[in-house]
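A.B. asks: Following this message is one structure expressed as structure tokens.
The values are calculated or read from the model by the stated rules, or taken from the named source; none is laboratory data. Note that the structure is a prediction, hence the values are computed from the model and not measured. Neighbour counts run over all protein chains shown; Cβ positions are idealised from the backbone, glycine included. When the accessible area is computed, the model is the full protein with side chains, heavy atoms only, and any ligands, DNA or RNA have been set aside. Shrake-Rupley method; radii C 1.70, N 1.55, O 1.52, S 1.80 Å.
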Amino acid sequence: METLVQDLKFGLRALIKNPGFTLVAVVALALGIGANSAIFSVVNTVLLRPLPFPRSDRVMSVWQNNLARGWHQDVVTPADYIDWRRDARSFESMAAYFGGGMNLRAGDEAERVRGADVSVDFFRVLRAAPSRGRDFAPGDEKASTGRVAILGHSLWQRRFGGDPGLVGRSIVLNSESFIVVGIAPPAFQFPEKAELWTLAKNVVPSNPFVPASVDITGVRGVHYLYVIARLEDGVERAQAQAEMDTIAARQEKQYPDVNAHTGVEVIPLHESIVGDVRPALMVFLGAVGLVLLIACANVANMSLARAAARRREIAVRTTLGASRLRLVRQCLTESVLLSTAGGGAGLLLAMWGTDLLAALSPEAIPGARSLALDARVLGFTMALSVLTGIFFGLTPALQASSIDPQDVLREGGRTSSGGPRTRLLRNALVVCEMAIALVLLAGAGLLVKSFIKLERVDPGLSVDGVLTLRLWIPDARYAEDARQIRFYDEVLRRTAALPGVTAAALTSDLPLTGSDSFLAFAIEGRPEAKPYEGPESGFHQVSPDYFRVLGIPLLRGRAFDARDVRQAPGAVIVSDTLAKRYWPGEDPVGRRVSFGVNDKGERDWTTIIGVAADVRQKGLHTDPRPEAYVPYTQAPSRYATLVVGSALDSSGLAASLGREVQAVDPDVPVYDVRTMREVLDGSLASRRFNMALLALFAVMAVLLAAVGLYGVLAYMVTQRTHEIGVRVALGAQKRDVLRLVVGQGMALTLGGVVLGILGALALTRVLSTLLVGVAVTDPWTFGDVAVLLAAVAFLACYVPARRAARVDPMIALRYE
């Protein structure tokens, strides 16, 4: 312990004596360690931190799939879920949920609250007992006392002031009276951001596409339920998967018309929640790891130069009896002190960076808003700091301790570069820095190019001068289609009458949001296809002015108008992709298709009246798919998005629209108010975030690599001052000296570029899931980033080269 204290004291004095070296090293390490800690905090929150439920690793998410269609992790049909709950023995409990929110009316104001309609075992699967009141109980679905609900703690505090007497009282949700039976624990929010849970009327939640008169428990053709289940003690996931495969095979035989090719996937709930973001987070973690490697190489290079300058000191200590182990330990102590200081500074940067990531993270990253530097992140930073110190300090320590003291002492006061092995090692470190920087530049360049291409994709509609807001009308008051239609008609009439509004329309699925309803259909005159093998398309209920408001061109036929009322023959407008796929080279206008059957089980035929241009319904990153549009007057929906064309200020118009909707029905709030431009930007948010973050890491890497190259050349110029003076005295021109220094630096850069391109060809393949329209081996991108890196390297070379060219031979020749 005493020798360790001595080493620490000596190391601190040595670092204080060299403030320039210490400051540059600490800054470089702080950048690398801070970036790693910030990204690790995201990885920790999203991937490593368990879900806030007891034994959350036992909670599975159960999905359906269809291998014939290539569908994975598909939502579940009600009747299939009921079969699973009855027959599966691998789970101690299973629950289903559906929905994204409800209309809450408390006092004079109605608001849309995020929540879910759940089956009775929902809270038992998650083992999240209410903090006040009770859980849902069997029989509550059919209780004569009415429907029941559990409130989230935050909603209870925000809208009801934390009133402890609320349990047992009624509230109004979706124009129905619900008895509050419990208050959820403060930290409980599942699905994400949920604040309210209502118990389904039946054993499964209902669906807005299925009429209330239909017994939902027998429906197999409509997929909409999310299913979670808790494994029985002693049962592993593989066993549960095998049992569910058996049940799915039995269902396929029993119901071949609707369950053909339908299987089951049992996946840990945590994996289901974070599965889509895992690749991007792994890329970021690898990128910051490479940045830290460059920082370590920089500090190692500086340490090698410093060790060369301390050769005489080390020789004296060796002569006085210091062992090689003691010298290595002393050098490592100094490097660990340095990395610890860098880690401390990096932790401060990580705290700032974590707040920035939480503010900038797109909604696609689950839990990103709750980022924090917890004990795991602090431990990671401490361990990373120590390992970094050992990593960059070990080679210089071994180099410094291996000198021959007699040779060094014979050199007297002459400077030394540490020998050819040291010079080779320093040059190799610079080459590696340049190679790593190029790998990160190539990755960032691919993402930037992909994003630029994505921004240039034509969405198929106009995003300027359009305001959107969402509505959900409760079926308790709008169970009949006629009432739904009257509500929407009145909202459209009032909206169109507002000053400055040029047009208004409704749609069940707003483009670019990922919202989409997909249905199979039959074509008149063609053989009936087998289940899941026939044609399919998106299915959207819209009002007549929908195409005009969003600027979607009508290529053939006519738009919807007053003729397309509920009693009129069915009408549908199809997209250009649908028309070309199923009527290639033909005009589909006048043809008939069917999206379902009537009460007698007969096909309900609808006539195609027009063909609209393609719209990228799912987002700019997907190709246009077949889409079908029907008038809302013939197929109304309980949820809709109001799209309004206007040149007015969006905030003022939104307030006016909210008042008009409330005037029609005070129980229907407007929510998710955005301009169409904001919708478009939101669809690109996650890709913009990925691009910006990787570009930031690439810039850090390039700057650190440039600093490393500058340091090597500057040290080389200092060591070769005498040689340069001789060259100048013998007639060398400034351009010759410039060529000498810049040539050496660019030779190292060229080696790094070649090595980096090889590395990029191998490593950028992990970006394939993040790219759109760009190959992972795009030669133009690789060429551009190589030129950029070479330009930055040239600037880093030019500064020490100019200093070398200014060497006065009379002064330089005084050096021996």
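A.B. asks: Which of the residues spanning segment 164-183 are among the small types (Gly, Ala, Ser) and either surrounded by fewer than 16 Cβ atoms within 10 Å (Cβ to Cβ) or part of a strand (DSSP E or B) (or both)?
C.D. replies: Those that are among the small types (Gly, Ala, Ser) and either surrounded by fewer than 16 Cβ atoms within 10 Å (Cβ to Cβ) or part of a strand (DSSP E or B) (or both): Gly165, Gly168, Ser170, Ser177, Gly182.
A.B. asks: When Gly445 is evaluated against the numbered criteria (1) out of contact with any Pro (no Cβ under 9 Å at 6 or more places or on another chain); (2) surrounded by 20 or more Cβ atoms within 10 Å (Cβ to Cβ); (3) at positive phi, which criterion, by number, is the only one it fails?
C.D. replies: Result: Gly445 passes all but (3).
A.B. asks: Is it the case that Val702 is out of contact with any Ser or Thr (no Cβ under 8 Å at 6 or more places or on another chain), in a helix (DSSP H, G or I), at pLDDT 90 or above and open to solvent by less than 20 Å² (accessible area, probe 1.4 Å)?
C.D. replies: Criteria met by Val702.
A.B. asks: Residues of segment 152-184 being without any contact (Cβ under 8 Å) to a residue 40 or more places away in the chain and of a type in the set (A, V, I, L, M), which ones?
C.D. replies: Passing the criteria: Leu166, Val167, Ile179.
A.B. asks: Considering segment 694-718 alone, what residues qualify as being closer than 15 Å to Val430 by Cβ and of a type in the set (S, T, N, Q)?
C.D. replies: The answer is none; no residue qualifies.
A.B. asks: If you go through segment 130-151 one residue at a time, how many are in a loop (DSSP other than H, G, I, E, B), under 36 Å from the mean Cα position of the chain (by Cα) and either without any contact (Cβ under 8 Å) to a residue 12 or more places away in the chain or closer than 15 Å to Asn202 by Cα (or both)?
C.D. replies: Number of matching residues: 1.
A.B. asks: Could you list all residues from segment 101-113 that are surrounded by fewer than 16 Cβ atoms within 10 Å (Cβ to Cβ) and outside any strand (DSSP E or B)?
C.D. replies: If the condition is that a residue be surrounded by fewer than 16 Cβ atoms within 10 Å (Cβ to Cβ) and outside any strand (DSSP E or B), then Gly107, Asp108 are the ones that fit.
A.B. asks: Filtering segment 62-83 down to residues that are polar (S, T, N, Q) and open to solvent by less than 10 Å² (accessible area, probe 1.4 Å), which residue is farthest from the chain's Cα centre (by Cα)?
C.D. replies: Step by step, filter segment 62-83, then rank; the result is Thr77.
A.B. asks: All but one of (1) out of contact with any Ser or Thr (no Cβ under 7 Å at 6 or more places or on another chain); (2) under 26 Å from Val210 (Cβ atoms); (3) not in a loop (DSSP other than H, G, I, E, B) hold for Phe40; which doesn't?
C.D. replies: Looking at each condition in turn, Phe40 falls short on (2).
A.B. asks: Now a separate question. Do the conditions hold for Ala95, that is, is it under 27 Å from Val266 (Cβ atoms) and assigned to a strand (DSSP E or B)?
C.D. replies: Spelling it out, Ala95 is indeed under 27 Å from Val266 (Cβ atoms) and assigned to a strand (DSSP E or B).
A.B. asks: Test Tyr478 against the criterion of being out of contact with any Lys or Arg (no Cβ under 8 Å at 6 or more places or on another chain) and open to solvent by less than 20 Å² (accessible area, probe 1.4 Å), and give yes or no.
C.D. replies: When the stated conditions are applied, Tyr478 does not pass them.
A.B. asks: On to the next question. With over 29 Å from Glu536 (Cβ atoms), in contact with a Lys or Arg (Cβ under 7 Å, 6 or more places away or on another chain) and at pLDDT below 95 as the only criterion, which of Ala260, Ala194, Ala187 stands out?
C.D. replies: So the residue among Ala260, Ala194, Ala187 that is over 29 Å from Glu536 (Cβ atoms), in contact with a Lys or Arg (Cβ under 7 Å, 6 or more places away or on another chain) and at pLDDT below 95 is Ala194.
A.B. asks: Ok, one more. Of the residues that make up segment 601-615, is at least one closer than 14 Å to Phe539 by Cα, part of a loop (DSSP other than H, G, I, E, B) and touching a residue at least 40 places away in the same chain (Cβ under 8 Å)?
C.D. replies: Checking segment 601-615: at least one residue is closer than 14 Å to Phe539 by Cα, part of a loop (DSSP other than H, G, I, E, B) and touching a residue at least 40 places away in the same chain (Cβ under 8 Å).
A.B. asks: Return yes when Val120 is part of a strand (DSSP E or B), closer than 30 Å to Leu231 by Cα, touching a helix residue (DSSP H, G or I) at 6+ places or on another chain (Cβ under 9 Å) and of a type in the set (A, V, I, L, M) and no when it is not.
C.D. replies: No: the conditions fail for Val120.
A.B. asks: Which condition breaks for Ile216 when tested against (1) closer than 28 Å to Phe521 by Cα; (2) touching a strand residue (DSSP E or B) at 6+ places or on another chain (Cβ under 6 Å)?
C.D. replies: (2)
A.B. asks: Could you give every pair whose Cβ atoms fall below 7 Å, whose first residue belongs to segment 239-261 and is farther than 16 Å from Tyr532 by Cα, and whose second residue is open to solvent by 50 Å² or more (accessible area, probe 1.4 Å), counting only separations of at least 6 or pairs across chains?
C.D. replies: Glu243/Arg89
A.B. asks: Going by what's in this entry, would Pro527 be described as modelled with pLDDT under 90 and assigned to a loop (DSSP other than H, G, I, E, B)?
C.D. replies: yes
A.B. asks: Kindly evaluate Gly534 against the criterion of being modelled with pLDDT under 90 and farther than 30 Å from Leu653 by Cβ.
C.D. replies: For Gly534, the condition - modelled with pLDDT under 90 and farther than 30 Å from Leu653 by Cβ - is met.
A.B. asks: To continue, here is another question. Under 8 Å between Cβ atoms, which residue pairs at least 6 apart in sequence (or on different chains) link something in segment 653-665 that is modelled with pLDDT of 90 or more with a partner that is open to solvent by less than 10 Å² (accessible area, probe 1.4 Å) and assigned to a helix (DSSP H, G or I)?
C.D. replies: Leu657/Thr495; Glu660/Val491; Glu660/Thr495; Val661/Val491; Val664/Phe487; Val664/Val491; Asp665/Phe487
A.B. asks: Let me ask you something else. Considering only segment 481-494, I want to know if a residue exists there that is in a loop (DSSP other than H, G, I, E, B) and touching a residue at least 60 places away in the same chain (Cβ under 8 Å).
C.D. replies: Scanning segment 481-494, I find no residue that is in a loop (DSSP other than H, G, I, E, B) and touching a residue at least 60 places away in the same chain (Cβ under 8 Å), so the answer is no.
A.B. asks: Evaluate segment 235-251: report whether one residue or more is of a type in the set (Gly, Ala, Ser) and touching an Asp or Glu at 6+ places or on another chain (Cβ under 8 Å).
C.D. replies: No.
A.B. asks: Among the numbered criteria (1) under 35 Å from the mean Cα position of the chain (by Cα); (2) surrounded by fewer than 17 Cβ atoms within 10 Å (Cβ to Cβ); (3) aromatic (Phe, Trp, Tyr), which one does Phe547 miss?
C.D. replies: In the conditions (1) under 35 Å from the mean Cα position of the chain (by Cα); (2) surrounded by fewer than 17 Cβ atoms within 10 Å (Cβ to Cβ); (3) aromatic (Phe, Trp, Tyr), Phe547 misses (2) alone.
A.B. asks: Pick from Arg86, Arg58: which is in contact (Cβ under 8 Å) with a residue 24 or more places away in the chain and more than 20 Å from Thr381 (Cα to Cα)?
C.D. replies: That would be Arg58, the only listed residue that is in contact (Cβ under 8 Å) with a residue 24 or more places away in the chain and more than 20 Å from Thr381 (Cα to Cα).
A.B. asks: If you check Ala655, Ala663, Ala647, Ala732, which single one turns out to be farther than 30 Å from Leu290 by Cβ and in contact with a strand residue (DSSP E or B) (Cβ under 9 Å, 6 or more places away or on another chain)?
C.D. replies: Ala647
A.B. asks: Considering segment 705-727 alone, what residues qualify as being of a type in the set (Val, Ile, Thr) and open to solvent by less than 40 Å² (accessible area, probe 1.4 Å)?
C.D. replies: Val712, Val717, Thr721, Ile724
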